[in-house]
Amino acid sequence: MGNVVQKQFMVSSLRKGVTMLRSCAKLIRGGVALCNHPTILQTNSRVPRHFSISRPHNASEFRDYGLPNASWSQKLQDLFNNFQELSKKGSWKRIPSYNSTVHHMGEVPPSEKRERRLFTRNLDKDGVGFEYTMFYNKAEKRTVCLFQSGPYLEGPPGFTHGGCIATIIDSTAGAGVLYSYGPVMTANLNINYRNPIPLGHTVIVDSKVEKTEGRKVYATCHIRSHDDKVIHTEATALFIKLNP
């Protein structure tokens, strides 16, 4: 009697299993159909212009991300134009910015396609992450980064994540040291966060080489508002030259 009950239970379980598998198959087929359905991006007219998204860039082409795009706010565009005018006088020079890790090493794009991407240039949509452009002053050993944080960089609600702020400081100070002394690695980064940076706001990241000791290069950096009225962040950094 016990064997009969056990067999009936096994048959019932198998039937339930088959039914479940058939249901899963239907869901999977439906899921594939949904995934293949064209995605429609709905926009809200109240969203600020600097959160707009442009079409993805063709990955087979080399793009200088330091040039203006449709997601830039008017403040970022105005500051860019101001530094472009200073560049014409020879005191400042814009640093080209590609999405590879060697984008600071020269004025021409990499010679071959790379699968890896620079952390600050790893998104295919404009305006949602790091939007920035850098200018370098050789005489002053100073680097200025004009930075606008997109909605994907949120930390506290409505504000830029502290780690993203640290990233743009490290990138700005590191670029200036690299242009002054060649390849370096970050050894220390000490940051004081003074005032939070609202998402979408344009700020100025200002870094300068202070001194060198052998292979050690010391730099300072601060982030201020586009109108110079608010200090958001202050930092010091130590870099080590890779070449003796």
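The values are calculated or read from the model by the stated rules, or taken from the named source; none is laboratory data. Every value quoted in this text rests on a predicted model; they were computed, and no experiment measured them. When we count neighbours, we look across all protein chains shown, and the Cβ atoms used for this are built from the backbone with ideal geometry, even at glycine. Side chains are part of the model used for accessible areas, which takes the heavy atoms of the whole protein and leaves out ligands, DNA and RNA. Shrake-Rupley method; radii C 1.70, N 1.55, O 1.52, S 1.80 Å.
A few comments on the model shown:
- Efficiency of FRET between Thr186 and Gln74 - r from beta-carbon atoms, R0 30 angstrom, step 0.05: 0.35
- Per-residue extension of 0.36 nm, minus the Cα-Cα distance of Ser91 and Arg194, leaves a gain of 34.1 nm for this segment.
- Positive dipole terminus of the stretch 85-244, leading residue within Ser207, Ser180, Thr167 (C-beta point charges): Ser180
- Relative contact order for the stretch 85-244: 19 percent, from Cα pairs under 8 Å spaced at least 6 residues apart, divided by residue count.
- Put simply, the stretch 140-244 fits an ellipsoid with semi-axes of 26, 13, 11 Å; these come from the alpha carbon gyration tensor as the roots of five times its eigenvalues, largest first.
- Approximate spin-label separation Gln84-Glu140, in nm, with each point projected 7 Å along Cα-to-Cβ: 2.1
- Extension gain for Tyr152-Phe119 works out to 10.6 nm (0.36 nm per residue, less the C-alpha to C-alpha distance).
- For Gly176, net neighbour charge (Lys/Arg +1, Asp/Glu -1) across residues whose Cβ lies under 9 Å away: +3
- Angstrom value of the Kirkwood radius, inverse mean 1/r, which spans all Cα pairs in the stretch 135-196: 13.0
- In order along the stretch 138-153, the Karplus-derived 3J(HN,Hα) couplings, from 6.51 cos²θ - 1.76 cosθ + 1.60 at θ = phi - 60°, round to 5, 4, 8, 6, 10, 10, 10, 10, 9, 10, 10, 8, x, x, 7, 9 Hz, and Gly and Pro are given as x.
- The residues of the stretch 158-205 expose, per residue, 39 Å² of accessible area to a 1.4 Å probe.
- Between Leu67 and Lys229, the contour length at 0.36 nm per residue exceeds the alpha carbon distance by 55.7 nm.
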